[in-house]
1. Project the alpha carbons of the chain onto their principal axes and report the range along each, largest first, in whole Å.
2. Let me know the charge dipole size of the chain about its Cα centre in debye, to the nearest 20, where only the beta-carbon of Lys, Arg (+1) and Asp, Glu (-1) is charged.
3. As a test of the definition: which semi-axes, in Å, follow for the stretch 77-144 when you take the square root of five times each eigenvalue of its alpha carbon gyration tensor? Largest first, please.
4. Take the Cα of S225, step 7 Å along the line toward its Cβ, and report every residue of the stretch 242-264 whose backbone nitrogen sits under 16 Å from that point.
5. For L209 and Q87, compute 0.36 nm times the residue count separating them, minus their Cα-Cα distance, and round to one decimal in nm.
6. Mind pulling the angle between the C-alpha long axis of helix 179-196 and the longest principal axis of the chain? Nearest 10 degrees, somewhere in 0 to 90.
7. For K264, which lysines qualify as cross-link partners when the Cα separation must be under 20 Å and same-chain residues fewer than eight apart are set aside?
8. Determine by what factor the alpha-carbon radius of gyration of the stretch 119-276 differs from 2.2 N^0.38 Å, reporting the quotient.
Amino acid sequence: MANRTSIKQVILFVGGGQMASALIGALLKDDWPADSIVVLDPSVAQRATISETFGVRTLPEPHEELGAATTVIWAVKPQVLADAMRQVLPHLSDPLHISIAAGVRSDTLAQHARSDRIIRVMPNTSVLVGAGVCGMCAGRNAKSEDKALAEAILTPTGYYFWVQCDDQLDAVTAVSGSGPAYVFHFMSAFQKAAQAIGFDESTSRELVLQVVGGAVKQASSSQHSFDTLQQNVTSKRGTTEAAIAVLNESGTASALNCAVRAAKERATALADELSR
């Protein structure tokens, strides 16, 4: 991995939304200098928030000095990415293009950017707290140093991993991209179940947070499979066995499998629409 202290880079963020802010905050916490980051966003309010929060430079529109950018992170909505690239590209030299625009495939990115130095990234919202999961896919002509730089940028956000093709990144979208929502869905149902048997809202929320957090910590420190960990808690003819039996009868595992498949199919369909 590249050493971030030895990298002399100017990172341009096009778009200053929530995910861009999370990445900027993570970079600054990892000791990247604020003067190495520039944010281009037409929104006055967005620029003011970013400038006040992070102390980085912001610009309202493309400018010739953007030619100093060695990396451009496209953090705009996928529907406006092509137009944003048309406006910004004339002011760039030959940067590495990192896109976090969901669903825009590598070939489409390369066509719009007029470059094969492309890396697609699918982060999830947990990068906001430094515990994200980012799947990455490199374009055909991305160099080893390009990949190293992408790793250095993403390392402070949590966990990252590489996939080989766009189809695999659609699967990443379905599992880790959408994954926090699955967990929050479970936690919400768990909280309501706790309230239904007598706990108040505040107590039931705290119980769910502690139980889920503790289970994740336990699983992370164990080499056992999730199934084995579940079996270790499930005593014969005990309370947990009664609960798991209801979950199995309700088809929760099958429902989750169908949900992930539906997310994957939707990710592929959206990518098809954006590539037309």
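1. Cα spread of the chain along its principal axes, largest to smallest: 71, 39, 34 Å.
2. For this selection, approximately 340 debye.
3. So the three semi-axes of the stretch 77-144 are 21, 14, 11 Å.
4. Output list for this probe position: 253-254.
5. Length difference between fully extended and current span is 39.4 nm.
6. Long axis of 179-196 versus the principal axis of the chain: about 30 degrees.
7. Candidates past the 8-residue exclusion: K77.
8. 1.27
The values are calculated or read from the model by the stated rules, or taken from the named source; none is laboratory data. Note that the structure is a prediction, hence the values are computed from the model and not measured. For neighbour counting, all protein chains shown are included, and Cβ atoms are generated from backbone atoms with ideal geometry for every residue, glycine included. Heavy atoms of the whole protein, side chains included, go into the accessibility calculation; ligands, DNA and RNA do not. Shrake-Rupley method; radii C 1.70, N 1.55, O 1.52, S 1.80 Å.
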